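The values are calculated or read from the model by the stated rules, or taken from the named source; none is laboratory data. Please read these numbers as outputs of a predicted model, since none were measured by experiment. Quick reminder, even Gly has a Cβ in these numbers, built from the backbone with ideal geometry, and neighbours come from all protein chains shown. Side chains included, ligands, DNA and RNA excluded: accessible areas come from the protein's heavy atoms. Shrake-Rupley method; radii C 1.70, N 1.55, O 1.52, S 1.80 Å.
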Amino acid sequence: MNKTELVKIKQKALEEHIPIIMDDTLEVISKILKEKKPNRILEIGTAVGYSAICFSEFLAEGGSIDTIEREQDRVAEAMQNIKKAEVEEKIHIFEGDAVEILPTFTGSYDVVFIDASKGKYPFFLKEALRMLAPKGIIFADNVLYKGYVMSDYNKHKQRTAVRNLREFLAELQANETLETEILEVGDGLAIARKR
Ligand code: SAH
Ligand code: MG
(Lines give C-alpha, C1' and ligand atoms only; values in the text may rest on other atoms or scores of the structure.)
(Ligands and ions follow the chains in the order given, each with its own letter.)
Protein backbone atom coordinates (compact mmCIF):
# COMPACT_ATOMS: atom_id res chain seq x y z
CA MET A 1 0.00 0.00 0.00
CA ASN A 2 1.12 3.56 -0.73
CA LYS A 3 1.36 5.28 2.68
CA THR A 4 1.96 8.81 1.38
CA GLU A 5 -1.25 8.55 -0.61
CA LEU A 6 -3.04 7.20 2.45
CA VAL A 7 -2.08 10.25 4.51
CA LYS A 8 -3.37 12.54 1.74
CA ILE A 9 -6.64 10.62 1.50
CA LYS A 10 -7.14 10.89 5.26
CA GLN A 11 -6.33 14.63 5.29
CA LYS A 12 -8.77 15.40 2.50
CA ALA A 13 -11.55 13.34 4.09
CA LEU A 14 -11.09 15.14 7.41
CA GLU A 15 -11.12 18.54 5.69
CA GLU A 16 -14.38 17.60 3.98
CA HIS A 17 -15.91 16.35 7.24
CA ILE A 18 -16.35 12.84 5.95
CA PRO A 19 -16.78 10.64 9.03
CA ILE A 20 -13.83 8.29 8.50
CA ILE A 21 -12.72 5.89 11.20
CA MET A 22 -11.00 7.57 14.16
CA ASP A 23 -7.33 6.84 14.86
CA ASP A 24 -7.87 5.05 18.18
CA THR A 25 -10.64 2.88 16.72
CA LEU A 26 -8.46 2.01 13.74
CA GLU A 27 -5.62 1.08 16.07
CA VAL A 28 -7.79 -1.40 18.01
CA ILE A 29 -9.17 -3.03 14.85
CA SER A 30 -5.75 -3.14 13.17
CA LYS A 31 -4.22 -5.07 16.08
CA ILE A 32 -6.93 -7.71 15.84
CA LEU A 33 -6.77 -7.93 12.03
CA LYS A 34 -2.99 -8.26 12.12
CA GLU A 35 -3.41 -11.37 14.20
CA LYS A 36 -6.41 -12.75 12.35
CA LYS A 37 -5.19 -12.22 8.76
CA PRO A 38 -8.72 -12.45 7.34
CA ASN A 39 -9.34 -13.78 3.89
CA ARG A 40 -12.61 -11.96 3.28
CA ILE A 41 -13.87 -8.74 4.83
CA LEU A 42 -17.30 -7.18 4.35
CA GLU A 43 -17.59 -3.45 4.99
CA ILE A 44 -20.93 -1.61 5.19
CA GLY A 45 -20.22 2.09 4.54
CA THR A 46 -17.22 2.77 2.29
CA ALA A 47 -17.31 6.59 2.26
CA VAL A 48 -14.11 7.46 0.34
CA GLY A 49 -12.41 4.14 0.98
CA TYR A 50 -10.14 5.15 3.84
CA SER A 51 -10.94 2.32 6.27
CA ALA A 52 -11.03 -0.29 3.48
CA ILE A 53 -7.58 0.80 2.29
CA CYS A 54 -6.27 0.60 5.88
CA PHE A 55 -7.76 -2.86 6.44
CA SER A 56 -6.44 -4.22 3.13
CA GLU A 57 -2.95 -4.28 4.59
CA PHE A 58 -3.99 -7.06 6.99
CA LEU A 59 -5.64 -9.39 4.48
CA ALA A 60 -4.30 -12.87 3.96
CA GLU A 61 -2.50 -13.46 0.68
CA GLY A 62 -5.16 -13.37 -2.05
CA GLY A 63 -7.80 -12.00 0.33
CA SER A 64 -10.30 -9.29 -0.54
CA ILE A 65 -12.74 -6.73 0.80
CA ASP A 66 -16.33 -6.20 -0.38
CA THR A 67 -17.56 -2.75 0.60
CA ILE A 68 -20.92 -1.02 0.10
CA GLU A 69 -21.64 2.70 -0.39
CA ARG A 70 -24.85 4.36 -1.50
CA GLU A 71 -23.60 7.84 -2.42
CA GLN A 72 -22.46 7.95 -6.01
CA ASP A 73 -19.83 10.68 -5.65
CA ARG A 74 -18.29 8.92 -2.66
CA VAL A 75 -18.10 5.69 -4.65
CA ALA A 76 -16.31 7.57 -7.44
CA GLU A 77 -13.84 9.13 -5.02
CA ALA A 78 -13.31 5.81 -3.23
CA MET A 79 -12.44 4.17 -6.54
CA GLN A 80 -9.86 6.86 -7.26
CA ASN A 81 -8.41 6.57 -3.77
CA ILE A 82 -8.16 2.80 -3.95
CA LYS A 83 -6.28 3.16 -7.22
CA LYS A 84 -3.91 5.76 -5.79
CA ALA A 85 -3.21 3.50 -2.83
CA GLU A 86 -2.54 0.67 -5.29
CA VAL A 87 -4.95 -1.76 -3.68
CA GLU A 88 -7.64 -1.91 -6.38
CA GLU A 89 -7.15 -5.66 -6.78
CA LYS A 90 -8.13 -6.26 -3.18
CA ILE A 91 -11.17 -4.01 -2.77
CA HIS A 92 -14.52 -4.38 -4.53
CA ILE A 93 -17.01 -1.55 -4.16
CA PHE A 94 -20.75 -2.13 -4.50
CA GLU A 95 -22.79 0.98 -5.15
CA GLY A 96 -26.26 1.16 -3.63
CA ASP A 97 -28.21 0.90 -0.41
CA ALA A 98 -26.80 -1.84 1.80
CA VAL A 99 -30.33 -2.68 2.88
CA GLU A 100 -31.01 -3.82 -0.68
CA ILE A 101 -27.56 -5.13 -1.58
CA LEU A 102 -26.78 -7.26 1.50
CA PRO A 103 -29.63 -9.76 0.96
CA THR A 104 -28.19 -10.50 -2.51
CA PHE A 105 -24.81 -11.53 -1.02
CA THR A 106 -24.24 -15.20 -0.36
CA GLY A 107 -20.57 -15.33 0.60
CA SER A 108 -18.94 -16.11 3.87
CA TYR A 109 -16.91 -13.40 5.63
CA ASP A 110 -14.23 -13.66 8.30
CA VAL A 111 -14.74 -10.05 9.35
CA VAL A 112 -17.69 -7.67 8.98
CA PHE A 113 -17.27 -3.95 9.64
CA ILE A 114 -20.57 -2.13 10.20
CA ASP A 115 -20.13 1.62 9.69
CA ALA A 116 -23.22 3.07 7.96
CA SER A 117 -26.68 4.39 8.91
CA LYS A 118 -27.14 3.84 12.65
CA GLY A 119 -30.87 3.26 12.33
CA LYS A 120 -30.14 0.16 10.24
CA TYR A 121 -27.69 -1.54 12.61
CA PRO A 122 -30.17 -4.23 13.74
CA PHE A 123 -30.75 -5.18 10.09
CA PHE A 124 -27.02 -5.08 9.32
CA LEU A 125 -26.42 -7.38 12.28
CA LYS A 126 -28.90 -9.94 10.98
CA GLU A 127 -27.17 -9.93 7.60
CA ALA A 128 -23.70 -10.04 9.16
CA LEU A 129 -24.65 -13.06 11.26
CA ARG A 130 -26.06 -14.82 8.22
CA MET A 131 -22.68 -14.56 6.46
CA LEU A 132 -20.19 -14.67 9.33
CA ALA A 133 -17.68 -17.53 9.11
CA PRO A 134 -16.92 -19.69 12.16
CA LYS A 135 -14.60 -17.70 14.46
CA GLY A 136 -15.57 -14.60 12.50
CA ILE A 137 -15.56 -11.12 14.02
CA ILE A 138 -18.06 -8.30 13.70
CA PHE A 139 -16.83 -4.76 14.36
CA ALA A 140 -19.40 -1.98 14.59
CA ASP A 141 -18.40 1.68 14.74
CA ASN A 142 -20.25 4.59 16.36
CA VAL A 143 -22.26 2.35 18.68
CA LEU A 144 -22.16 4.84 21.56
CA TYR A 145 -23.06 7.75 19.29
CA LYS A 146 -21.55 10.70 21.16
CA GLY A 147 -22.70 9.24 24.44
CA TYR A 148 -26.41 9.38 23.58
CA VAL A 149 -26.77 5.59 23.59
CA MET A 150 -25.77 5.16 27.24
CA SER A 151 -27.52 8.29 28.53
CA ASP A 152 -31.19 8.33 29.50
CA TYR A 153 -31.88 11.40 27.42
CA ASN A 154 -34.56 10.43 24.92
CA LYS A 155 -35.79 13.71 23.51
CA HIS A 156 -32.97 13.93 21.07
CA LYS A 157 -33.83 14.43 17.43
CA GLN A 158 -31.72 11.40 16.57
CA ARG A 159 -33.81 9.20 18.81
CA THR A 160 -34.60 6.59 16.13
CA ALA A 161 -30.88 6.05 15.58
CA VAL A 162 -30.32 5.89 19.34
CA ARG A 163 -33.18 3.44 19.85
CA ASN A 164 -31.89 1.19 17.08
CA LEU A 165 -28.31 1.32 18.35
CA ARG A 166 -29.58 0.27 21.80
CA GLU A 167 -31.51 -2.58 20.21
CA PHE A 168 -28.40 -3.58 18.25
CA LEU A 169 -26.21 -3.68 21.38
CA ALA A 170 -28.87 -5.60 23.32
CA GLU A 171 -29.08 -8.18 20.52
CA LEU A 172 -25.31 -8.58 20.43
CA GLN A 173 -25.17 -9.12 24.16
CA ALA A 174 -28.11 -11.53 24.23
CA ASN A 175 -26.65 -13.64 21.42
CA GLU A 176 -25.06 -16.72 23.00
CA THR A 177 -23.10 -17.57 19.87
CA LEU A 178 -21.14 -14.31 20.24
CA GLU A 179 -18.67 -12.94 22.73
CA THR A 180 -19.15 -9.19 22.73
CA GLU A 181 -17.20 -6.26 24.10
CA ILE A 182 -18.11 -2.61 23.79
CA LEU A 183 -15.19 -0.21 23.91
CA GLU A 184 -15.27 3.51 24.53
CA VAL A 185 -12.70 4.25 21.84
CA GLY A 186 -13.63 6.83 19.22
CA ASP A 187 -17.41 7.04 18.97
CA GLY A 188 -17.85 3.60 20.53
CA LEU A 189 -16.72 0.30 19.02
CA ALA A 190 -18.47 -3.04 19.42
CA ILE A 191 -16.41 -6.18 18.86
CA ALA A 192 -18.36 -9.43 18.62
CA ARG A 193 -16.52 -12.70 18.10
CA LYS A 194 -18.31 -15.81 16.98
CA ARG A 195 -17.50 -18.65 19.37
N1 SAH B 1 -15.92 3.29 6.72
C2 SAH B 1 -15.56 4.64 6.30
C3 SAH B 1 -16.54 5.67 6.79
C4 SAH B 1 -17.97 5.41 6.47
S5 SAH B 1 -19.01 6.79 6.82
C6 SAH B 1 -14.18 4.95 6.84
O7 SAH B 1 -13.97 4.76 8.03
O8 SAH B 1 -13.33 5.40 6.06
C9 SAH B 1 -20.55 6.07 6.51
C10 SAH B 1 -20.89 5.90 5.03
O11 SAH B 1 -21.98 5.01 4.94
C12 SAH B 1 -21.32 7.20 4.35
O13 SAH B 1 -20.50 7.46 3.25
C14 SAH B 1 -22.76 6.94 3.92
O15 SAH B 1 -23.08 7.48 2.66
C16 SAH B 1 -22.80 5.42 3.88
N17 SAH B 1 -24.11 4.82 4.13
C18 SAH B 1 -24.97 5.14 5.14
N19 SAH B 1 -26.03 4.35 5.09
C20 SAH B 1 -25.87 3.49 4.05
C21 SAH B 1 -26.65 2.45 3.49
N22 SAH B 1 -27.83 2.13 4.00
N23 SAH B 1 -26.17 1.80 2.42
C24 SAH B 1 -24.96 2.13 1.88
N25 SAH B 1 -24.18 3.12 2.36
C26 SAH B 1 -24.63 3.79 3.44
MG1 MG C 1 -17.81 5.43 11.72
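Overview of results
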| item | result |
| --- | --- |
| Where only C-alpha atoms are counted, convex hull volume of the chain per residue in Å³ | 112 Å³ |
| Two-site FRET efficiency, Arg163 against Met1, from Cβ-Cβ distance with R₀ of 45 Å, rounded to 0.05 | 0.70 |
| 222 nm mean residue ellipticity, helices alone, for the chain (DSSP H n ≥ 4; -39,500 (n - 2.57); rounded to 500) | -12000 deg cm²/dmol |
| Efficiency of FRET from Cβ geometry, Lys34 and Thr106, R₀ 22 Å, rounded to 0.05 | 0.20 |
| Contour excess over end-to-end distance, with Cα ends at Lys8 and Glu88 and 0.36 nm allotted per residue | 27.1 nm |
| Across Lys36/Lys84; Lys3/Lys31; Lys8/Lys34; Lys3/Lys90; Lys10/Lys37, pairs whose alpha-carbon gap is larger than 21 Å | Lys36/Lys84; Lys8/Lys34; Lys10/Lys37 |
| Whole-percent carbon and sulfur share, accessible surface of the stretch 41-165, 1.4 Å | 48 percent |
| Approximate spin-label separation Gln80-Arg130, in nm, with each point projected 7 Å along Cα-to-Cβ | 3.5 nm |
| Cleavage-rule hits (trypsin sites (Lys or Arg not before Pro)) in the stretch 109-170: DSSP loop, at most 13 neighbouring Cβ within 10 angstrom | Lys155, Lys157 |
| Antiparallel DSSP beta bridges within the chain, as percent of all bridges there, nearest 5 | 35 percent |
